[in-house]
1. Would you call G138 at pLDDT 95 or above and in a loop (DSSP other than H, G, I, E, B)?
2. Among the residues of the range 1-30, write down those that are crowded, with 19+ Cβ neighbours inside 10 Å, closer than 20 Å to N101 by Cα and touching a residue at least 24 places away in the same chain (Cβ under 8 Å).
3. Please specify each residue of the range 138-151 satisfying the condition of being in contact with a Pro (Cβ under 8 Å, 6 or more places away or on another chain) and crowded, with 16+ Cβ neighbours inside 10 Å.
4. Taking the range 142-168, which residues are farther than 23 Å from P93 by Cβ, in a loop (DSSP other than H, G, I, E, B) and in contact (Cβ under 8 Å) with a residue 24 or more places away in the chain?
5. Report, by residue number, each residue of the range 107-137 that is within 21 Å of A28 (Cα to Cα), in contact with an Asp or Glu (Cβ under 7 Å, 6 or more places away or on another chain) and loosely packed, with under 14 Cβ neighbours inside 10 Å.
6. Return yes or no: is L132 touching a Pro at 6+ places or on another chain (Cβ under 9 Å), part of a strand (DSSP E or B) and under 20 Å from P7 (Cβ atoms)?
7. Select, from E125, E118, E188, the only residue that is out of contact with any Pro (no Cβ under 9 Å at 6 or more places or on another chain) and part of a strand (DSSP E or B).
8. For the range 169-185, enumerate the residues that are of a type outside the set (V, I, T), more than 15 Å from the chain's Cα centre (by Cα) and not in a strand (DSSP E or B).
Amino acid sequence: MIAHHPPLELLFDYAAGVSAESASLLAASHLVFCRECRDRVARIEALGGAMIDRLPGEAPAAGAFEAVLGRLDEPEEILPQPEFDAVTRTILPSPLRDYLNADLKDLKWRRRSLVHEEVPLGRTEDGAKLTLLKIHAGKGVLNHTHKGEEFTLVLQGGYSDADGHYGRGDVAVGDPSVTHRPVADPGEDCICLTVVQGPLHFTGLVGRIINPFVH
């Protein structure tokens, strides 16, 4: 059961086709897990379609209908679909699999501390930093806040912080007003997709020491 959803405005932008690349990937991946948000997006799309139908229209230009039919008759290029292994298909939703175009076992995890690893996925056109994050079972990352918005989609396992528990398919939202220390559930590593608009800022004595090296 999904307990934490993306903000409604993010779903509105996704349904309207105007969301940034990073937000679109996050929303599409969450929708694979969440029937409630799929229904919300469907209602938003239906509402948008009804509003468009009520707009005054202009008569189509001469030959427009024939041109559309001509394009429909053109052969469509069929691209080969990548085949993913069973573990990748189980953990990663299809939009994220297609974005990565690689199996989990082929990704290069980088150890960032004794308790967590990352796969940097680069930055999207809107400047967001995408990362696959793995927190070892039963372990917690350092207490930190955020210099910008952070969205976290849980893909495997779960974690808890001061705001509650987040399981597979849940989306956590962080901003400069949020300070937390995510702790992975025992028994299974927690794997997440993070979308970050600004760098993390670690708090406490250890955080002040390492901040210059992570910014």
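1. On the way: at pLDDT 95 or above: yes; in a loop (DSSP other than H, G, I, E, B): yes.
The answer is yes for G138.
2. S22, A23, L25, L26, S29, H30
3. From the range 138-151, those in contact with a Pro (Cβ under 8 Å, 6 or more places away or on another chain) are 138, 140-141, 145-148, 151; that's our starting set.
Those that are in contact with a Pro (Cβ under 8 Å, 6 or more places away or on another chain) and crowded, with 16+ Cβ neighbours inside 10 Å: G140, V141, T145, H146, F151.
4. Hits for the range 142-168 are L142, N143, K147, G148.
5. E125, D126 - these are the residues of the range 107-137 that are within 21 Å of A28 (Cα to Cα), in contact with an Asp or Glu (Cβ under 7 Å, 6 or more places away or on another chain) and loosely packed, with under 14 Cβ neighbours inside 10 Å.
6. Values: touching a Pro at 6+ places or on another chain (Cβ under 9 Å): yes; part of a strand (DSSP E or B): yes; under 20 Å from P7 (Cβ atoms): no.
Here the answer is no, as L132 does not meet what is asked.
7. Working: E125 fails: part of a strand (DSSP E or B); E188 fails: part of a strand (DSSP E or B).
From the options E125, E118, E188, the qualifying one is E118.
8. Pass one, the range 169-185, residues of a type outside the set (V, I, T): 169-170, 172, 174-177, 180-182, 184-185.
Next, only the ones that are more than 15 Å from the chain's Cα centre (by Cα) stay: 175-177, 180-182, 184-185.
If the condition is that a residue be of a type outside the set (V, I, T), more than 15 Å from the chain's Cα centre (by Cα) and not in a strand (DSSP E or B), then D175, P176, S177, R181, P182, D185 are the ones that fit.
The values are calculated or read from the model by the stated rules, or taken from the named source; none is laboratory data. These numbers were taken from a predicted model, which means no experiment stands behind them. Positions of Cβ are generated from backbone atoms using ideal geometry, with glycine treated the same way; all protein chains shown enter the neighbour counts.
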